[in-house]
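Laboratory data are not the source of any read-out in this text; all were calculated from the coordinates shown. Since we're looking at a predicted model, the values are computed, not measured. Neighbour counts are summed over all protein chains in view; Cβ atoms, including those assigned to glycine, are modelled from backbone coordinates with ideal geometry.
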Amino acid sequence: MARKFLSGNEAFAEGIRLSKPQVISAYPITPQTIVVEKLSEMVENGSLKAEFIHVESEHSALSCAMGASAVGARAFTATSSQGLLYMAECLTYAAGGRFPIVMMNANRSTALPWNIYGDQRDSLSQLDCGWIQVYAKDAQEALDLALMSYYVAEHREVSTPFMVNLDGFVLTHTYETVDVPTEEQANRFLPAFESDHKLDLDHPCNLAFSAGPEHNSAFKYKEHVGILKAKGVVAQAEEKFAEIFGREYTGLTENYRIKDAEYVLVTLGSIFGLAKETVDRLRERGQKAGLIRIRYMRPFPAEEIAEAVRNAKAVAVLEKDISFGYEGTVYTNVNSALQKAGISLPTVNFIGGLGGKNISGEDIEEIFEELKEGYRGVKFMGIGGDGQWRR
Amino acid sequence: MTEILWHGRGGQGAFTAARLLGAAYALHEGRYALAFPSFGPERRGAPIRAFTKLDARPIGDRSEIEKADFSIFLDDTLFGEQAFSQLKPNGKILLNTKRHWEDPKIVFLNAEAIALEILGLSITNTVMLGAFSAVFDGITSDDIVEVIHENMPKKLQEKNIAAALAARRAILQEK
C-alpha cells in the first residue's frame with residue numbers, strides 16, 4: 001500500500017486502474033474530466049491495459065460500455081450532470097439488459113440556471129432507472145468503492161449496473177491523503193468478470209431483446225430482485241475487503257453516535273465529515289445528537305434507518321436536492337422507511353447546498369436547533385419553509 | 001488545525017503550492033491535510049485563491065477558509081487592508097514584495113528576485129512554499145525536497161528545490 005496525496009477524481013481513477021476494466025468509453029465533463037484524463041494517461045503509458053474509446057457524447061459512452069459488457073468485457077464510464085441526463089435513455093437499457101457496468105458520476109447541479117458546481121440533483125433524478133447508487137464521503141472511500149463496485153455489480157445474483165457518486169469539487173477536486181492498494185491486493189479481492197450471458201459464437205444466446213405484456217413484469221421483477229440482492233453482496237464484499245485491505249465499511253449506511261441520540265440528522269455524501277464534527281461539538285454541550293449517512297440510495301437502507309431512529313425524538317434529512325412541487329427525494333424515501341416500520345416521528349427536510357452553495361458547521365448546528373421545534377415539512381436552508389418565510 | 005490561505009493570479013501556481021504543502025505535511029503518519037483551489041472556471045491572470053488545511057486528525061470541514069493562520073500572497077498587487085480581516089487573531093501574512101514592511105504581522109521577502117535568479121522565471125509558488133516552511137514548524141527542508149521529488153516533473157525538480165530552500169534560508173536569517 002502506498003500513501004499518496006490525491007484528489008477524489010485521482011483516487012477514483014487509481015481504484016479503476018486496480019479494477020482493470022477492459023473497455024473505457026467516456027466523454028469529459030466538469031467536474032468529472034480528471035478521471036477520464038487520468039485513465040487515458042494510464043492506458044497511454046501502459047499501466048492499464050484497456051481499450052480507451054473516445055466517444056462523441058454521453059449517450060454513446062454508455063451505449064459503447066453496454067456493447068463491451070455484452071461480449072463479457074469489464075466496462076467503465078464516467079459522467080456528471082447534463083451528461084448523465086443526456087445518457088438517461090441508456091441508463092434503463094443497461095439496467096434492464098443486466099449489464100454490470102460501473103459508472104462514476106461527479107455530482108453536479110442541473111441547468112437552468114446553468115451551473116457547474118456540486119449538488120445531488122443529477123443522480124437523484126435517476127434513482128428509478130435500475131442502477132445501484134452509492135455516495136462516497138471522501139477520496140479513500142471513492143477509491144475503495146471503485147473496487148467494490150465491480151465485485152457487487154458483476155456478482156451473478158446481482159448483475160446490475162453500478163453508479164458511484166462523488167460530490168463535485170468538494171470531493172472530486174479536493175486533495176487528501178489516500179492509501180493506494182497494491183495490484184496484488186486488488187487481484188486477490190476482485191475476481192475476473194465471468195458471464196454466461198454474453199455474445200459468444202460457440203454458445204449463442206439472445207441479449208437485449210423485447211418482452212411484451214405477458215413477460216415484461218417478470219423481467220422487471222427479476223431486475224428488482226437483483227438490486228435487492230446487492231445488499232447481501234455488499235456485506236460480503238466489505239468483509240473480504242476488510243480482510244485484504246484492513247479498512248472496514250458498514251453496509252448501506254454509516255451511523256455516528258446514534259445509540260442514545262434524540263435528534264438525528266440523515267444525510268449523504270461528503271458533508272458527513274463536517275456533520276460528524278458538528279455532532280461532536282453538540283455532544284460536548286450535552287445535546288444528544290446523532291448522525292446517519294446513507295451510503296447506498298439503491299438498494300435503499302429502509303430497515304437500517306428505521307432501526308437507528310426508533311428511539312429518537314425527531315429526524316432531519318439534509319440533501320442537495322429537491323423534487324420540485326413536493327420535497328427532497330431522500331426525504332420521501334426516509335419517510336417511507338419510517339412509515340413501514342410503524343415509526344411516527346416529526347421529520348424535517350432541509351434542502352441545502354444547491355448549485356454548490358456552502359453548508360457550514362453553523363448551518364448544521366442550526367438544523368439540530370430547528371429540529372427541536374417539532375415542525376414537519378420542507379425547509380430551504382437560508383430561505384424558509386414550505387413556500388413561506390418562517391424566521 | 002492550521003489553515004493556510006493562498007492568493008495568486010491564474011498561472012502563478014498558487015494551487016500547486018497549496019497542494020505541495022498538504023502533501024509535504026501528510027508525508028508523516030498521523031498527520032492529515034486537505035488542499036483545494038477556489039472552484040470554478042480559471043483564467044490566466046485573474047485573482048485566485050487556494051486553501052490548505054493541516055491537522056493531527058482527519059479533517060471533516062471541506063469548506064473554504066474564512067479566517068486563516070497564514071495568508072500567503074504570491075503577488076503583492078493582490079494584497080490590501082482586507083487581508084487582515086481574513087486572519088485569525090495570531091495569524092500572519094507572508095508576502096512576496098520588493099517593499100519593506102514594519103508591521104509585525106507581515107513576514108515579507110522578495111520572492112520574485114529569488115525565482116528570477118534560480119528558476120529564471122518570475123514564478124514564486126515553490127519559493128513561497130520554502131518561505132512558509134521557515135515560519136511554520138511542521139515542514140522541514142527534507143519534507144520540501146521529498147515532496148518536490150514526488151510531485152513535480154523531473155526537469156523542474158532541482159531548480160525548484162534550490163529556490164524553495166533559498167527562500168527558507170533567507171527568512172530564517174532574518175529571524
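Per-structure values
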item: Length released on extending from residue A:44 to residue A:332, taking residue separation times 0.36 nm less the Cα-Cα span; result: 99.2 nm
item: Relative contact order for the stretch B:47-157, counting Cα pairs under 8 Å that sit 6 or more residues apart, in percent; result: 16 percent
item: Positive-pole candidate from A:168, A:182, B:5, dipole of the protein assembly as shown, charges at beta carbon; result: B:5
item: Structure-based [θ]222 nm, the protein assembly as shown - -39500 (n - 2.57) summed over DSSP H runs of at least 4, per residue, nearest 500; result: -12000 deg cm²/dmol
item: Protection proxy ranking of A:205-213, A:172-180, A:135-143, B:39-47 - average other beta-carbon atoms within 10 Å, highest first; result: A:135-143, A:172-180, B:39-47, A:205-213
item: Sites residue B:117 and residue B:1 - FRET efficiency at Förster radius 41 Å, r taken between beta-carbons, to 0.05; result: 0.70
item: Paramagnetic reach from residue B:55 in the stretch B:1-19 [backbone N under 15 Å; point 7 Å along Cα→Cβ]; result: B:1-4
item: Packing rank of B:66-76, A:29-39, where each peptide gets the mean count of other beta carbons within 10 Å, highest leading; result: A:29-39, B:66-76
item: Label-point separation in nm, residue A:208 to residue A:196, each point 7 Å along Cα→Cβ; result: 2.2 nm
item: Peptide-level mean, for B:60-68, of C-beta atoms on other protein chains within 10 Å; result: 5
item: Per-residue average of Cβ from other chains inside 10 Å of B:29-40; result: 5
item: Alpha-carbon centroid distance for the pair the stretch B:149-172 / the stretch A:254-275, whole angstrom; result: 43 Å
item: Cα centroid of the stretch A:304-322 to Cα centroid of the stretch B:9-39, whole Å; result: 36 Å
item: Charged-residue dipole, Cβ positions (Lys, Arg, Asp, Glu), chain A about Cα centre, Debye nearest 20; result: 740 debye
item: Nitroxide proxy distance, nm - points 7 Å out along Cα→Cβ at residue B:150 and residue B:43; result: 3.6 nm
item: Helix A:361-371 vs. chain A, principal-axis angle (Cα, 0 to 90°, nearest 10); result: 60 degrees
item: Shielding by other protein chains, A:166-179, mean Cβ within 10 Å; result: 5
item: Protection proxy ranking, peptides A:253-263, A:94-104, average beta carbon neighbours within 10 Å, highest first; result: A:94-104, A:253-263
item: Whole-number percent relative contact order across chain A, with pairs defined as alpha carbons under 8 Å at least 6 apart; result: 16 percent
item: Cα-based shape type of the stretch A:1-127, given that a ≥ b ≥ c are square roots of the gyration tensor eigenvalues and the cut on a/c is 1.5; result: oblate
item: Inter-site label distance for residue B:169 and residue A:71 at 7 Å from Cα along Cβ, in nm; result: 6.1 nm
item: Rg(Cα) / (2.2 N^0.38 Å) computed for the stretch A:2-245, rounded to two decimals; result: 0.96
item: Cβ-derived FRET efficiency at R0 41 Å, residue A:57 paired with residue A:375, nearest 0.05; result: 0.40
item: Within the stretch A:21-129, chymotrypsin sites (Phe, Trp or Tyr not before Pro) in DSSP loop having at most 14 other beta-carbon neighbours inside 10 Å; result: A:114
item: Between 0 and 90°, nearest 10: helix A:272-284 axis offset from chain A longest Cα axis; result: 30 degrees
item: Beta bridges by DSSP in chain B, antiparallel share as percent, to the nearest 5; result: 50 percent
item: Between the stretch A:118-164 and the stretch B:47-73, the alpha-carbon center distance in angstrom; result: 30 Å
item: Anisotropy class of the stretch B:53-167 from Cα gyration tensor, a/c 1.5 cut; result: oblate
item: Folded to 0 to 90 degrees: helix A:58-70 orientation relative to chain A principal axis, Cα; result: 60 degrees
item: Global geometry of the protein assembly as shown, whether rounded, prolate or oblate, following the gyration tensor of its Cα atoms and the 1.5 cut on a/c; result: oblate
item: 10 Å beta-carbon shell around residue A:151, net charge (K/R +1, D/E -1); result: -1
item: Fraction of beta bridges assigned by DSSP in chain A that are antiparallel (%, nearest 5); result: 30 percent
